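**Student:** I'd like to ask some things about the structure below.
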Amino acid sequence: LVAVGLILERRSPAATLAWLLALLFMPYFGFLVYLLFGPRRLRRRRLRYGRARDRLIQSTHRLRQDRAEPLGFPSTGLERQLAIMLERIGQGAPAAAAEVTVLETGDDCFRAIEAALEAATHHVHLEYYMWQPDWIGTRLRDRLADKARAGVQVRLLLDAIGSDRITDRFLQPLREAGGMVAWFNPISLRRLRPNHINFRSHRKIVVRDGRIGFTGGVNVSDDHSGTRSGSAAWRDTHLRIEGEPVHRLQFIFLEDWYFATDQAPFEPEFFPPSPEPSAGPWLQIVESGPDNNRYAIAKLYFSAIAGARRRVWMATPYFVPNEALTAALITAALRGADVRVLAPKRSDSRLVTAAARSYYDELASAGVHIFEYGPPMLHAKLLLVDESLAAVGSANFDNRSLMLNFEAMAVIYDAGLAARLADSFEADLRHASRYVKPGRRATLGQRLAESTARLLSPLL
């Protein structure tokens, strides 16, 4: 029965055969593993087709009138083609932001978020994969409690796996102040839903009054703070966005909030109109998840790399590309583009590090320049293509982010911001060493460990 289900899912032949072999050689344990990690469709019919979602769409209809050709947006080139592709798979048209600020450290990010919270007058919405009950997490919780006591609507959505250290006792001060807290896909032994365990919200979203938003790779944790962790602080990249693109972040948050709580606010106050047309950089907020088969972020990565002419610079903490993305990187390098991949020398997962290194020799042989950062841990998710295209967000370059997790990325169509991010990328290279294909053959144990980890890449 499981085999029939696998075949009907129409995965790649390699993935289908891998699961069938696992079931064959582990007939009981393999079945349990499949129940936990195998099913790929998370049915959100009550969200996608329910009355509340229809109301949400109707309430924002004025804001979601996506034009086929936004005024002032490039009419030709890779930027235009990419924007059209993303719009056709439901991501909305690009919108001009009033202002976009690059935040390169966790401390910069936390200060900017606290400043935004301090100025909130109507609502604050936050969605995080990882929120730790440490000094940073406690401080931000207390700031939210202060705003809730002042009458600001506070909604905090946490992933049940990523934030598993958060307890009801930790959240009690926020709830007592009037703040609302919800869990994304909670795991309960009493009402076990095995096929939900594998689907996590990896998004990092903050929206203040529908006008200012944040997204990127920074979680709420001391690990990201140089003040708390010193030289061991994780290196990351985040964005502060002001203006029309924030409406799209708001819509994504409200979808997830409704999925978690069966209710969401629909008032126009959550989508305030911009006072005047913005002349800032163009952004397109892209989301993806296992609730549909569009895989927008995977298509974004592939199309941008395949269309590159001059450069592809990428930073990712988890580099486990599928066959299509591996081919896109190799062909871009063979066409003469400057292809650079920046990954951590040691990630927070030894399995992922081993799997990543199984790809290095093939890529390096084709002309892809691979750099290993740190220590400390590199956690930024950044893509730079040619001179005016960039992407920053929560999605890693692996199957879990592209197929299984709920993710969000900000696609930037702006030469100035792309140059700013390129400078940051080059600064990171100074803390990295270039991978060189070893002159002598690796030991059998090393090769076996890396190849075994690679086999598990669909789950990483």
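The values are calculated or read from the model by the stated rules, or taken from the named source; none is laboratory data. Bear in mind the structure is a predicted one, so any value in this text is a computation, not a measurement. Here the Cβ positions follow ideal geometry from the backbone for every residue, glycine too, while neighbour counts run over all protein chains shown. Each accessible area value is taken on the protein alone, full model and side chains, heavy atoms only, with ligands, DNA and RNA left out. Shrake-Rupley method; radii C 1.70, N 1.55, O 1.52, S 1.80 Å.
**Student:** Would you confirm whether any residue within region 193-212 is open to solvent by less than 40 Å² (accessible area, probe 1.4 Å), of a type outside the set (D, E) and in contact with a Cys (Cβ under 7 Å, 6 or more places away or on another chain)?
**Tutor:** Among the residues of region 193-212, not one is open to solvent by less than 40 Å² (accessible area, probe 1.4 Å), of a type outside the set (D, E) and in contact with a Cys (Cβ under 7 Å, 6 or more places away or on another chain), which makes the answer no.
**Student:** Yes or no: region 76-97 includes at least one residue that is in contact with a Ser or Thr (Cβ under 6 Å, 6 or more places away or on another chain), of a type in the set (S, T, N, Q) and within 24 Å of M409 (Cβ to Cβ).
**Tutor:** No, there is no match, as no residue in region 76-97 is in contact with a Ser or Thr (Cβ under 6 Å, 6 or more places away or on another chain), of a type in the set (S, T, N, Q) and within 24 Å of M409 (Cβ to Cβ).
**Student:** Turning to a different aspect of this structure: Considering only residues of region 354-371 that are out of contact with any helix residue (DSSP H, G or I) (no Cβ under 8 Å at 6 or more places or on another chain) and open to solvent by 20 Å² or more (accessible area, probe 1.4 Å), which is nearest to R454 (Cα to Cα)?
**Tutor:** D361
**Student:** Right, something else. Scan region 281-300 and report the pairs whose first residue is buried (at least 19 other Cβ atoms within 10 Å of the Cβ) and whose second residue is of a type in the set (F, W, Y) and in a strand (DSSP E or B), with Cβ atoms within less than 8 Å and a gap of 6+ or a chain change.
**Tutor:** P281/Y413; W282/Y413; L283/Y413; Q284/Y413; E287/F406; S288/F406; G289/F406; P290/F406
**Student:** Can you find even one residue in region 16-27 that is in contact with a Leu (Cβ under 9 Å, 6 or more places away or on another chain), modelled with pLDDT under 75 and open to solvent by 50 Å² or more (accessible area, probe 1.4 Å)?
**Tutor:** yes
**Student:** Further question: For region 295-346, how many residues meet the condition of being part of a loop (DSSP other than H, G, I, E, B), over 17 Å from V411 (Cα atoms) and not aliphatic (A, V, I, L, M)?
**Tutor:** Matching residues across region 295-346 total 10.
**Student:** When you go through A427, A391 one by one, which is the residue that is part of a helix (DSSP H, G or I) and either within 15 Å of the chain's Cα centre (by Cα) or closer than 30 Å to P281 by Cα (or both)?
**Tutor:** A427
**Student:** Among the residues of region 169-199 satisfying the criterion of being modelled with pLDDT of 95 or more and in a helix (DSSP H, G or I), which is farthest from the chain's Cα centre (by Cα)?
**Tutor:** E176
**Student:** Identify the residue in region 436-460 that is under 26 Å from the mean Cα position of the chain (by Cα) and open to solvent by less than 50 Å² (accessible area, probe 1.4 Å) and, among all such residues, is modelled with the highest pLDDT.
**Tutor:** A453
**Student:** Next question, about the same structure. So which residues in region 132-157 are under 17 Å from D107 (Cβ atoms) and assigned to a strand (DSSP E or B)?
**Tutor:** Within region 132-157, no residue meets the criteria.
**Student:** If you go through region 245-261 one residue at a time, do you hit one that is within 23 Å of V392 (Cβ to Cβ), open to solvent by 30 Å² or more (accessible area, probe 1.4 Å) and touching a strand residue (DSSP E or B) at 6+ places or on another chain (Cβ under 6 Å)?
**Tutor:** Checking region 245-261: at least one residue is within 23 Å of V392 (Cβ to Cβ), open to solvent by 30 Å² or more (accessible area, probe 1.4 Å) and touching a strand residue (DSSP E or B) at 6+ places or on another chain (Cβ under 6 Å).
**Student:** Quick check: is even one residue across region 345-362 touching a residue at least 40 places away in the same chain (Cβ under 8 Å) and either closer than 26 Å to L86 by Cβ or within 18 Å of the chain's Cα centre (by Cα) (or both)?
**Tutor:** Yes - at least one qualifying residue is present in region 345-362.
**Student:** Right, another one. Given the structure, is L117 over 16 Å from L383 (Cβ atoms) and open to solvent by less than 20 Å² (accessible area, probe 1.4 Å)?
**Tutor:** yes
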